[in-house]
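Here the structure is laid out as structure tokens; the discussion comes afterwards.
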Amino acid sequence: ISPSEYFVIVKKSNKKTIEVLLPEATVVDSDGNDNRESNLLLVDFDPNLNLQLDPEVFRLSLTSGVPQPIPLEPGQFVNPVVFATVQHDDPTIPMHAQVSDVSSSEFTVTVQRLDGLKDPVSDVMVHTVILETGTYNNKSTGIKMEVGTTLVNNVSGKINGYSGGKTVQLLKNYNDAVVIGQVQTANSSNPGEFWSRLDDQGFLTVGHHVGELPSPLNDGEETVAYAVVEAGKGVFEDTRWEAANFTTDSSGATVDVIRNINSSVNIVVSQHDMVDPDGSIPVIESTTRDTLTVRLLEDKLGDSEMDHGEEKAGFLLIKQ
């Protein structure tokens, strides 16, 4: 075979395999018969390696306490994760978005009050961003990111402390890592909120906390999702993205953003590098054309005091 004949042709592919046609040759099997089909190779590969940025976003208007199923585009996701953040301008009512029943075809979002009251709050805006699990490192988008999930057995909070998280080693190195997270299940009777800590060696500890809940129960294993992205901004086809870190507390902080914020923009926010043991709930208080104001609220499940110390937070903005 001459050197010019060393090539392969990809015949077809799906999410898990690639069928490759090798150069034509006469192949003799162990019985002395020609077997030309043996020049077809089915090659396994990792479909989540260096993905293209193809998120789905929703800006929802929900009523607290009412689960809302959301369908996903068929075939867009294999192992999606969902990040959701409440936008609400009344800091006296702590609320968060609970995600559950995540599959390749749909997920459910429920706005939960965290003050022990059941009175419904209507027209609560929820920003949602859905990403495929895997790694992203594409020059055309400018984004370097990894998205994953892990199982966490123990619930954290003021009573239990914050030693019950799960530590994962990041696959990439980051100069300025923005961490976004979300509990993906609702197996426990506790209202779980994401928390994390990232050390200098690239180990990320994630968990779910119940804030100041007086009697937290370790009654359900939860799936916790995280996205770690290098701070920056970029464009891929019709998707514009931006990620950055900032510090805020219960009084709120206003952050400048590059992208013009309108109805086509969704922003998810997470606290990371947990400091205050009371546990925080990041809430978008307001947006303008080019700013974002975020508070770190506390729940009222243990007491009515909601002052929370300064902690690091990050946002991921997607505009489509």
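The values are calculated or read from the model by the stated rules, or taken from the named source; none is laboratory data. Values in this document were obtained by computation on a predicted structure and should not be read as measured data. So basically every Cβ, Gly included, is an ideal-geometry build from the backbone, and we count neighbours across all protein chains shown.
Details
- Flag for Ser250 being in contact with a Lys or Arg (Cβ under 8 Å, 6 or more places away or on another chain), modelled with pLDDT under 95 and not in a strand (DSSP E or B): yes
- Residues located in segment 189-210, provided they are under 26 Å from Lys172 (Cβ atoms) and part of a loop (DSSP other than H, G, I, E, B): Asp199, Asp200, Gln201, Gly202
- Against the conditions (1) more than 23 Å from Thr133 (Cα to Cα); (2) buried (at least 17 other Cβ atoms within 10 Å of the Cβ), Arg289 satisfies every one except (2).
- Set Glu193, Glu230, Glu212: member being surrounded by 18 or more Cβ atoms within 10 Å (Cβ to Cβ), among the acidic types (Asp, Glu), at pLDDT below 80 and closer than 20 Å to Asp273 by Cβ: Glu212
- Residue match in segment 264-278 (condition: in a loop (DSSP other than H, G, I, E, B) and under 17 Å from Val81 (Cα atoms)): no
- When Tyr136 is tested against (1) over 14 Å from the mean Cα position of the chain (by Cα); (2) of a type in the set (Ser, Thr, Tyr); (3) modelled with pLDDT of 90 or more; (4) over 16 Å from Phe83 (Cα atoms), only condition (1) is not met.
- Residue list for segment 112-166, filter: assigned to a loop (DSSP other than H, G, I, E, B), under 23 Å from Ala225 (Cβ atoms) and in contact with a Ser or Thr (Cβ under 6 Å, 6 or more places away or on another chain): Tyr162, Gly164, Gly165
- The condition of being surrounded by 18 or more Cβ atoms within 10 Å (Cβ to Cβ) and farther than 30 Å from Gly202 by Cα holds for only one of Pro94, Pro120, that being Pro94.
- Residue ID - surrounded by the most Cβ atoms within 10 Å (Cβ to Cβ), chosen from residues in segment 305-318 that are assigned to a loop (DSSP other than H, G, I, E, B) and touching a residue at least 12 places away in the same chain (Cβ under 8 Å): His308
- Meets criteria (part of a strand (DSSP E or B) and touching a residue at least 40 places away in the same chain (Cβ under 8 Å)) for Val179: yes
- Per the conditions (1) in contact with a strand residue (DSSP E or B) (Cβ under 6 Å, 6 or more places away or on another chain); (2) farther than 17 Å from Val147 by Cβ; (3) surrounded by 15 or more Cβ atoms within 10 Å (Cβ to Cβ); (4) modelled with pLDDT under 95, the sole criterion not satisfied by Gly220 is (1).
- Failed criterion for Gly220 (all others in (1) under 26 Å from Ser104 (Cα atoms); (2) within 18 Å of the chain's Cα centre (by Cα) hold): (2)
- Every condition in (1) under 23 Å from Val81 (Cβ atoms); (2) surrounded by 21 or more Cβ atoms within 10 Å (Cβ to Cβ); (3) over 19 Å from the mean Cα position of the chain (by Cα) holds for Glu237 except the one numbered (2).
- Annotation: Asp89 fulfils all but one of (1) buried (at least 20 other Cβ atoms within 10 Å of the Cβ); (2) closer than 19 Å to Pro282 by Cα; the unmet one is (1).
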